[in-house]
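Peer 1: I have a structure I would like to understand better, so I am pasting it below and will then ask my questions one at a time.
The values are calculated or read from the model by the stated rules, or taken from the named source; none is laboratory data. Note that this is a predicted model, so its numbers are computed, not measured. Cβ coordinates were reconstructed from backbone atoms using ideal geometry, including for glycine residues, and neighbour counts include every protein chain displayed.
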Amino acid sequence: MPDFPNGTKLDTLPRRLVTVRKLLYVFPAWCLIAFFLCGFGPPTMVDRDVGSRQRYTVGQLGQIQQAQEPPPDISAVSVLVHDFETGRVLMKKAEHLPVSPASLAKLMTALLVLEQDRLSDPVTVQRADLIGEAAMGLREGEELRVEELLWGMLIPSGNDAAMALARHHSGLVELFVANMNLRAGDLGMHSTLFHNPNGFDADGQVSSAHDLLKLIKLLWEYPLFREIVGTPAATVASHELVSTNRLLGSYPGINGVKTGTTLQSGQSLIAGLEEDGHQLFALVLGSVDRYQDMRLVLQAVQGKYSWVPLQMQGRLTALDRLFDAEGNRWFLRADGIVADPAALEAGPLLEALLSGWERQELQVFRRLHPPPSGMWTTGMPAGVLEWRLGDTLIATQRLYVE
């Protein structure tokens, strides 16, 4: 039997042609099966029991990391920016690194005093309280209330006021320090150890931005604390107090919180920032110039993130309506959403803090809770809207029948 130039036998050609023909018949079927197995990408607005899962691409993960990185030209060894409303970390750098807290230790002192809730108790100042450096200006034998000492500890960072508060709280300063560490353990502050109530440098006295943020979030629930740390200057019990936080009144939106400075720790600052009713906390620890660092950090965050209203489109979509068992059409209203932004009397808009690229990734899904009868009535709860970024549920809103 003759061969072709490439060595193929002539009698093998019919069998190969049959094989090729079979493949041509089977290939379209396999393609069709693969098409349905791969599924379809989720639309922006769909009606399903559980929102579809969406993974971030490598590029998006890079954008997330870049958005969370602090400016490269800051001197702080540790940085953390936190959105109080959503719980999101907006920027971070070595946030778990143990560093000397300096006067930021007074935040734990303030928490224990506020939790004890004996603000009207009188306290007589003793010689041992007058330890110098940053001070309220107390005098031996002077009598003040606990609340007045809190003002003196938090506004000018008075070490004398901190010592008087610690002694009054627990009887002995040493017992108070033990209570500080017990409370830190309760709060899961695993990078924190206290040796005194005022923040003087001491071997082994450390905390971290992550741990200190836990303190701030608890303290912010006390109106008195917010009032004190947001006050630039005050006169308390004949003592003139001036805040050590120079950003108060000089940077728009700053409403607290506390500074800390020692030779060992360098300069540290926790700043509260309120923007359009939203609260952020920014921490810079171990800085050479805390105010410059804080300005750069806040400017970077404000440039990368903005509040985006969560509202359904102005035009009607499948999310805005439903049908009952008899085919009657009903329209839906989302709690906190208004179809016309000018109609603010309908309720405040729900907002999400997003970076620029995240706005394109925002998706909304509807989860309905039909009544057992299958019949809807006006004002009846209908389910929820779920707002998602990738796999993360960032907000929910209740749906009502109009």
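Peer 1: Give me the residue from the range 168-191 that is touching a strand residue (DSSP E or B) at 6+ places or on another chain (Cβ under 8 Å) and touching a residue at least 40 places away in the same chain (Cβ under 8 Å) and, out of that set, farthest from residue 100 (Cα to Cα).
Peer 2: The qualifying residue farthest from residue 100 (Cα to Cα) is 168.
Peer 1: Tell me which of these residue 149 doesn't satisfy, since it passes every other one: (1) buried (at least 24 other Cβ atoms within 10 Å of the Cβ); (2) within 14 Å of residue 240 (Cβ to Cβ).
Peer 2: All conditions pass for residue 149, except number (2).
Peer 1: Continuing with this model, one more query. Residues in the range 179-197: is at least one part of a helix (DSSP H, G or I), among the aliphatic types (A, V, I, L, M), more than 31 Å from the chain's Cα centre (by Cα) and in the same structural domain as residue 269 (by TED's automatic domain parsing)?
Peer 2: no
Peer 1: Name the one entry in 95, 85 that is among the acidic types (Asp, Glu) and surrounded by 21 or more Cβ atoms within 10 Å (Cβ to Cβ).
Peer 2: After ruling out the rest, the residue left standing is 95.
Peer 1: Of the residues that make up the range 213-234, is at least one more than 26 Å from the chain's Cα centre (by Cα), in the same structural domain as residue 290 (by TED's automatic domain parsing) and aliphatic (A, V, I, L, M)?
Peer 2: Yes: the range 213-234 contains one or more residues that are more than 26 Å from the chain's Cα centre (by Cα), in the same structural domain as residue 290 (by TED's automatic domain parsing) and aliphatic (A, V, I, L, M).
Peer 1: If you don't mind, there's one more thing I want to ask. Restricting attention to the range 236-254, and to residues there that are polar (S, T, N, Q) and out of contact with any strand residue (DSSP E or B) (no Cβ under 7 Å at 6 or more places or on another chain), which single residue is nearest to residue 299 (Cα to Cα)?
Peer 2: 250
Peer 1: When the residues of the range 104-128 are narrowed to those that are charged (D, E, K, R) and in contact with a strand residue (DSSP E or B) (Cβ under 9 Å, 6 or more places away or on another chain), which ends up surrounded by the most Cβ atoms within 10 Å (Cβ to Cβ)?
Peer 2: Once the filter is applied, the top-ranked residue is 106.
Peer 1: Here's something else I'd like to know. Any residue at all in the range 241-261 that's closer than 24 Å to residue 139 by Cα, of a type in the set (A, V, I, L, M, F, W, C), touching a helix residue (DSSP H, G or I) at 6+ places or on another chain (Cβ under 8 Å) and not in a strand (DSSP E or B)?
Peer 2: No, the range 241-261 has no match at all.
Peer 1: Continuing with the same structure: With respect to residue 133, determine if the residue is modelled with pLDDT under 95 and over 17 Å from residue 172 (Cα atoms).
Peer 2: Here the answer is yes, as residue 133 does meet what is asked.
Peer 1: Is there a residue being assigned by TED's automatic domain parsing to the domain that holds residue 287, modelled with pLDDT of 95 or more and assigned to a strand (DSSP E or B) anywhere in the range 101-116?
Peer 2: Checked against the condition, which is being assigned by TED's automatic domain parsing to the domain that holds residue 287, modelled with pLDDT of 95 or more and assigned to a strand (DSSP E or B), the range 101-116 yields no hits at all.
Peer 1: Would you check if residue 334 is farther than 30 Å from residue 376 by Cα, modelled with pLDDT under 95 and buried (at least 18 other Cβ atoms within 10 Å of the Cβ)?
Peer 2: No, not satisfied.
Peer 1: Among the residues of the range 224-234, is any of a type in the set (Phe, Trp, Tyr) and not in a helix (DSSP H, G or I)?
Peer 2: Taking every residue of the range 224-234 in turn, none turns out to be of a type in the set (Phe, Trp, Tyr) and not in a helix (DSSP H, G or I).
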